[in-house]
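The values are calculated or read from the model by the stated rules, or taken from the named source; none is laboratory data. Note that the coordinates shown come from a computational prediction; the quantities given were computed from them, not determined experimentally. Ideal geometry is used to build each Cβ from the backbone, glycine not excepted, and the neighbour counts take in all protein chains shown. Please note that ligands, DNA and RNA were not included when accessible areas were found on the heavy atoms of the full protein model with its side chains. Shrake-Rupley method; radii C 1.70, N 1.55, O 1.52, S 1.80 Å.
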Amino acid sequence: MSAGDDDLNWRVEQACREGWPAATGAVFDGWLLRRSGGRIRRTNSANPSRGQRGAPDAVIGAAESFYIGHGQTPLFRVPDIAGELEAALDHRGYQPEGGTIHLHAGIGDLAEVRDEQVTVSKVPGEDWLAARFRMGTFDDAECRIFREMTGLIVGDRAFVSCERDSEIAALAYGVIRNGLLVVESVETDGRFRQQGLGRKTVGGLIGWARRAGAHAACLQVVVDNTPARALYASLGFSRELYRYHYRRKPHEPR
């Protein structure tokens with residue numbers, strides 16, 4: 001990996017973290033112990049930061065104490081660019097789960113997609129939130145957590161939706177951090193899939209970012225989510241960066 005690739009990877013890592021902020025957390029030896037409650041793993045797991053990080057056993061012990069102390073299951077998010085915990089987690093019985101890849105593209109390499117039924121707003125309206133909660137089958141606690149999370153986002157942001165039959169059928173939001181657009185929370189209502197609405201929605205977000213002066217864009221997608229990866233490829237997200245997975249003990253609750 002070149003120095004330029006390493007720098008890009010860590011800038012993407014930070015931007016994605018800030019695009020979905022945790023409610024609270026702590027720092028220990030170069031690891032961010034993020035905590036929000038609910039079922040979103042990325043904001044309820046230990047995440048590495050750039051630079052020097054502590055010895056694996058010490059980091060794992062501190063993270064376990066932190067999460068157990070708050071009544072949560074210890075969970076580690078382990079990206080390829082910071083894999084030093086792997087052997088120690090194996091030894092302690094932590095098993096991998098999930099698998100996500102970061103995609104990246106220059107803003108000029110992304111498709112221009114326009115649709116008059118795509119709406120862009122600086123804040124999430126109640127109809128946008130209601131659609132997100134419905135599509136994600138959120139319970140009351142998760143609705144509260146997500147609503148609070150969107151209020152913690154700093155910097156330029158946009159909440160995009162596409163309507164069909166007078167209701168929101170697809171949505172997403174994006175955050176620009178240091179010129180880098182982070183695409184988040186892309187969802188299409190199951191009743192309206194296979195109609196290109198996801199592409200139009202993300203396309204609207206890209207158009208907003210282009211007008212706002214972003215120079216590149218990134219997103220996270222589950223490795224084996226073939227339809228989503230095809231969608232993003234059609235928009236021009238052709239560069240694969242690093243991957244990550246989670247580690248949890250198999251007997252622990254999810």
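Computed values, structure above
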| quantity | calculated |
| --- | --- |
| Filter pass, TYR232 being within 24 Å of TRP10 (Cβ to Cβ) and touching a Pro at 6+ places or on another chain (Cβ under 9 Å) | no |
| Test: residue in segment 173-184 that is of a type outside the set (Asp, Glu), open to solvent by 60 Å² or more (accessible area, probe 1.4 Å) and over 25 Å from TYR244 (Cβ atoms) | no |
| Of residues in segment 4-26 being outside any helix (DSSP H, G or I) and of a type in the set (A, V, I, L, M), the one most open to solvent (accessible area, probe 1.4 Å) | ALA23 |
| Lone unmet requirement of (1) in a helix (DSSP H, G or I); (2) more than 30 Å from TRP10 (Cα to Cα); (3) open to solvent by less than 60 Å² (accessible area, probe 1.4 Å) for PHE138 | (1) |
| Residue count, segment 222-245 (criterion: buried (at least 20 other Cβ atoms within 10 Å of the Cβ) and within 14 Å of the chain's Cα centre (by Cα)) | 2 |
| Selection status of ASP29, touching a helix residue (DSSP H, G or I) at 6+ places or on another chain (Cβ under 6 Å) and surrounded by fewer than 18 Cβ atoms within 10 Å (Cβ to Cβ) | yes |
| Selection count, segment 48-107, where residues are of a type in the set (A, V, I, L, M), in contact with a helix residue (DSSP H, G or I) (Cβ under 9 Å, 6 or more places away or on another chain) and not in a loop (DSSP other than H, G, I, E, B) | 12 |
| Within segment 217-254, tally of residues that are free of Cβ contacts under 8 Å to residues at least 12 places away in the same chain and more than 20 Å from ARG42 (Cβ to Cβ) | 5 |
| Selected residue [open to solvent by 20 Å² or more (accessible area, probe 1.4 Å), out of contact with any Gly (no Cβ under 7 Å at 6 or more places or on another chain) and either on the phi < 0 side of the Ramachandran plot or of a type outside the set (Asp, Glu) (or both)] from THR73, THR100 | THR73 |
| Sole exception among (1) acidic (Asp, Glu); (2) open to solvent by 40 Å² or more (accessible area, probe 1.4 Å); (3) at pLDDT 95 or above for GLU112, by number | (3) |
